[in-house]
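Values quoted throughout were computed directly from the atomic coordinates according to the rules given, and no laboratory measurement underlies them. It should be emphasised that the depicted structure is a prediction, and the values quoted were computed from it without experimental measurement. FYI the Cβ positions are ideal-geometry reconstructions off the backbone, even for glycines, and counts take in every protein chain you see.
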Amino acid sequence: MMYSEVGGGQGVEVLSGLVLGDSTTGVSTSFEMIDVERTAGACPGAVTEFGTGLAGTAGLVPTIDVGACPRIGSMLPVHVGAALPGGVGLLLVGRFSGPPPLFGGTVYVLPPYASQPVVFADANGAAQLMLPVPNLPQLVGLSFFLQAGFSDPGGPQGVSLSAALELVLG
């Protein structure tokens with residue numbers, strides 16, 4: 001059972017003792033739970049989704065998320081979903097964010113782009129990329145922004161867009 005305490009860290013409740021039987025019934029309901037604080041694996045970075053995406057074919061709005069803590073010296077799995085099946089797009093990665101309208105939606109990642117990997121959605125409209133995060137201590141605490149966009153004939157101007165992510169590197 002996961003929990004978060006006000007003023008405390010994340011932790012988990014762990015079964016620490018259990019009486020397996022007694023001399024009368026062989027069954028016992030006696031047990032004890034203890035709280036264990038989880039700090040060693042705590043994520044020093046942060047991920048925040050913001051903005052709204054732009055729907056494409058069948059009204060689907062591409063989704064974007066990351067599968068790990070954004071920390072220096074790591075490979076960051078980026079997951080995209082609900083894109084046009086078999087679609088081709090870009091993952092915009094940059095240091096700056098703003099709300100300029102484009103293609104009938106909003107592109108939240110501003111140039112200059114740190115990276116623009118091509119994204120190929122599978123038959124289910126999903127894609128995964130691995131982004132390398134340099135092992136540079138001076139990057140700790142800096143924000144980077146991500147957004148996916150796809151060529152999509154069902155979009156207002158032939159494009160569908162995800163919402164955006166702000167990653168604060170830890």
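The sole residue among 170, 81, 125 that is under 17 Å from residue 45 (Cα atoms) and of a type outside the set (D, E, K, R) is 170.
Check every one of the strands (runs of 3 or more DSSP E) wholly within segment 66-170 and list those with 3 or more residues that are small (Gly, Ala, Ser).
Details: elements: 74-81, 88-97, 109-115, 118-120, 127-133, 143-151, 159-168.
It comes to 88-97, 143-151, 159-168.
Annotation note: of 153, 134, the sole residue that is surrounded by fewer than 19 Cβ atoms within 10 Å (Cβ to Cβ), farther than 19 Å from residue 103 by Cα, touching a residue at least 24 places away in the same chain (Cβ under 8 Å) and of a type outside the set (Lys, Arg) is 134. Determine whether residue 139 is hydrophobic (A, V, I, L, M, F, W, C) and within 12 Å of the chain's Cα centre (by Cα). Here the answer is no, as residue 139 does not meet what is asked.
All conditions in (1) part of a loop (DSSP other than H, G, I, E, B); (2) surrounded by 15 or more Cβ atoms within 10 Å (Cβ to Cβ) hold for residue 52, with the sole exception of (2).
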